[in-house]
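Read the figures in this text as sums done on the coordinates, not as results from a lab. The shown structure was predicted, so the numbers you read here are calculated from the model rather than taken from an experiment. Cβ placement follows ideal geometry from the backbone for every residue including glycine, while neighbour counts extend to all protein chains displayed.
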Amino acid sequence: MQRYVVASVAEIPPGTHKVFTVAGRPIGIFNLEGEYYGLLNRCPHQGGSLCDGLITGLAVGDRPGEFRMIRKGEMIRCPWHGWEFDIRTGQSWCEPAKIRARTYPTEITAGTEVVRGPYVAETVAVKVEEKYVVVEF
């Protein structure tokens, strides 16, 4: 599995997201309370830019006319037709048995790990002070 460095954690604060082109694919990276999730920026319904949609939660209620919001900031609504997807899993809430947004695993990797590679070359001392968000394919 190939790994790509996309951003430092400081670039995607909690409650925000940012879209990157990774290996030719538009990937939205979401920070949900310090946990990072990757979604393809393409709605599986009709191809809209999913990551441009409204970030929301789920409205639930016990009886008609009464509701409360749960899972605030964990759902994204496609800007084209309003289909909603779970940011953590890609699960569709419109057709959960059939439709799912493409997700990508992410991890936080220390800068010292990011600079390592399979090649050996002349080196200079480098001090890495940040952590980075890494996307895996």
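Tabulated data for the structure shown
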| read-out | value |
| --- | --- |
| Phi-based couplings in Hz for the range 7-13 (Karplus 6.51, -1.76, 1.60; Gly and Pro marked x) | 5, 7, 4, 5, 6, 10, x |
| Under Karplus coefficients 6.51, -1.76 and 1.60, residue-wise ³J(HN,Hα) of the range 62-72 in Hz, glycine/proline x | 8, 8, x, x, 10, 8, 9, 8, 10, 6, 4 |
| Bins of 10 Å from zero: percent of alpha-carbon pairs in the chain | 11, 37, 29, 14, 7, 2, 0 |
| Charge dipole magnitude, Cβ of K and R +1, D and E -1 - the chain, Cα centre, debye nearest 20 | 340 debye |
| Span from the the range 1-36 Cα centroid across to the the range 88-114 one, whole angstrom | 11 Å |
| Amide H contacts of Arg102 (H built 1.01 Å from N, under 5 Å, at least 5 apart or other chain) | Leu40 |
| Built amide H within the under 5 Å cut-off of Ser8, gap 5+ | Val133 |
| Sites Ala59 and Cys94, calculated FRET efficiency, Cβ-Cβ separation with R0 22 Å, nearest 0.05 | 0.95 |
| Built amide H within the under 5 Å cut-off of Thr56, gap 5+ | Gly73, Glu74, Met75, Ile76, Arg77 |
